[in-house]
Amino acid sequence: MCRSTTKSLVLILVAFTASCGEAPQYRFGENITGIEFELFDPTEGVHPSKVTLENPRNPFREIVISDDVKFDILGNGGNAGAFYAWAALLASIPIGENQYGVGIKLRDIYLANEVAIPEDRETVRLMAIDAFQAILDCFPDQFLFDATGTLGLKLATLAYNEILDLRGVPQGDWVLVTNSRGDPEAVRSTGFDSLAREVQCF
């Protein structure tokens, strides 16, 4: 049996409604599934930048988003709406999982060409690469957990492959190897050389 459900976020009421077999529609005082991405700053959503909290287009810049709701938004909040939600989460809680969510949504915005100004599409591709590179630089040993808390793949491996898929080149001494289980895994080949690549993470 299908039914409507309602969840609340701090300061904003979020209504999830759906017919049987349909994706829920999200309303955060406005329908975030209808938000269009507009380039504000090329560092938005790339740790350690917090510029998204100054972006008036981001409806989540002053909102606390719970862990269970963020996965609903990632899957059903529209690419731009989910990007803004996860970018705000990353600015407040800088962990690899949040950075990965941002990268996925930037990638999806680029692939779907959901950019207000067509000339900004290439910048979005580069932002997505930067978001995944930030995982390699700042969160290399963290893992992805799903909405149920189940441990998944190492984020560095996921980020490495996403950079390649976006026609980028992973920076640092990262290589893809086959681990003892026979799975591909991104590892540092020589131990990270901080003198060769200076990265500001915190």
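The values are calculated or read from the model by the stated rules, or taken from the named source; none is laboratory data. What you see is a predicted model; the values in this text were computed from it and never measured. Positions of Cβ are backbone-derived with ideal geometry, glycine not excepted, and every protein chain shown enters the neighbour counts.
What to note about this one:
- Flag if G172 is in contact (Cβ under 8 Å) with a residue 24 or more places away in the chain and part of a loop (DSSP other than H, G, I, E, B): yes
- T123 vs. criteria assigned to a helix (DSSP H, G or I) and surrounded by fewer than 18 Cβ atoms within 10 Å (Cβ to Cβ): yes
- Of all the criteria given as (1) within 16 Å of C201 (Cβ to Cβ); (2) among the hydroxyl-bearing types (S, T, Y); (3) at pLDDT below 90, the one not satisfied by S49 is (3).
- Options I93, I73, I109; residue that is under 15 Å from the mean Cα position of the chain (by Cα) and exposed (fewer than 14 other Cβ atoms within 10 Å of the Cβ): I93
- Restricting attention to the stretch 112-130, the residues that are over 14 Å from the mean Cα position of the chain (by Cα) and of a type in the set (V, I, T) total 3.
- Residue count for the stretch 32-69, restricted to those that are over 14 Å from P94 (Cα atoms) and touching a residue at least 60 places away in the same chain (Cβ under 8 Å): 8
- Flag for F143 being aromatic (F, W, Y) and over 19 Å from T43 (Cα atoms): yes
- Test: residue in the stretch 152-175 that is out of contact with any Asp or Glu (no Cβ under 8 Å at 6 or more places or on another chain), surrounded by fewer than 18 Cβ atoms within 10 Å (Cβ to Cβ), within 20 Å of P48 (Cβ to Cβ) and modelled with pLDDT under 95: no
- Residue check, D141 modelled with pLDDT of 95 or more and of a type outside the set (A, V, I, L, M): no
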